[in-house]
1. Ranked highest first by average number of other Cβ atoms within 10 Å, how do 171-177, 100-106 line up?
2. What is region 72-193 by shape, rounded, prolate or oblate, if you read a ≥ b ≥ c off the alpha carbon gyration tensor as root eigenvalues and call it rounded for a/c under 1.5, prolate for a/b larger than b/c, and oblate otherwise?
3. Each residue of region 153-168 in order: what ³J(HN,Hα) in whole Hz does its phi give by Karplus 6.51 cos²θ - 1.76 cosθ + 1.60, θ = phi - 60°, with x for Gly and Pro?
4. Counting Lys +1, Arg +1, Asp -1, Glu -1, what net charge surrounds G133 among other residues with beta carbon under 13 Å of its beta carbon?
5. Over 21 Å between Cα atoms: which of K55/K79; K87/K155; K79/K167 fall into that group?
6. Summing Lys, Arg as +1 and Asp, Glu as -1, what charge do residues with Cβ under 14 Å from the Cβ of K167 carry, K167 excluded?
7. Near the amide H of G124, under 5 Å away, which other amide H atoms are found, from residues 5 or more places off or on another chain, if H is placed in the peptide plane?
8. Which order do the peptides 178-190, 75-87, 125-137 come out in when sorted by mean C-beta neighbours inside 10 angstrom, highest first?
Amino acid sequence: MNTFIRNSVLGIAGLAFAGGVAAGPMTDGTSTTVDTTPVAAVAVQADKPAVDMGKLVPHGVQGAQSRIDLSDEQVGNVKAIIAATKKAGMDERAAVVSIATALQESKLENLGHLGDRNDHDSQGLFQQRPSSGWGTVEQITDPEYSTTAFLKGLKQVDGWQDMPLTKAAQTVQVSAYPDHYAQWEQQAADLVAEHWNS
């Protein structure tokens, strides 16, 4: 392959990669390799350490994933969950499990009593129930308290770190819909990656 064509192909491959298409190294029998480091991602993360996505989603996501747009209040609740996770001495994976759980339970909205639409007396980000011993209404509608209570339950689950997210969350929450937590794992991981070091 002549040098002009080869350089053109490499340039196009580099543009395709930068646009989100994975382009592998091009070779002509020699040991030339193409640097496929995503420059834009490195530049964005330069001001803060990157979070290892493999640690956030160690088993890969399970099933179809859901995603919602978040309001400023919901993002504030994400940050509160992350802060409480750090304060509890737990890692990024615990934050992913917590945020995915809160996405399923309340869509990250700190819900008060919903009248007839309430599931018994469930309230707050995690839909915890005062009658089940999670705390008072005032406590479980406090994002730091409710996250700390959830994490305390998670810590008591032997091997939660090695479980699929939905099993770890369900062991704490005892939901009527145990498989629904899995659909939020990717968005939860993305939120932790974005806000853990912010």
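1. 100-106, 171-177
2. Working: a/c = 1.40, a/b = 1.28, b/c = 1.10.
Rounded is the answer for region 72-193, as its axis ratio a/c remains below 1.5.
3. x, 5, 4, 7, 8, 4, x, 4, 4, 9, 8, x, 3, 4, 6, 5
4. Working: positive: R129, K152; negative: D121.
Charge balance near G133 sits at +1.
5. Working: K55/K79 19 Å; K87/K155 14 Å; K79/K167 24 Å.
K79/K167, as the Cα separations exceed 21 Å there.
6. Details: positive: R93; negative: D158, D162, D179, E185.
Taking every Cβ under 14 Å from that of K167, the sum is -3.
7. The list, which skips near neighbours in sequence, is L111, G112.
8. Values: 178-190: 21.2, 75-87: 19.6, 125-137: 17.8.
My ranking of the peptides, most packed first, is 178-190, 75-87, 125-137.
A short reminder: the numbers here are calculations on the coordinates, not readings from a lab. In this text the structure is predicted, and so the values were computed from the model without any measurement. Every residue, glycine among them, receives a Cβ derived from its backbone with ideal geometry; neighbour counts consider all protein chains shown.
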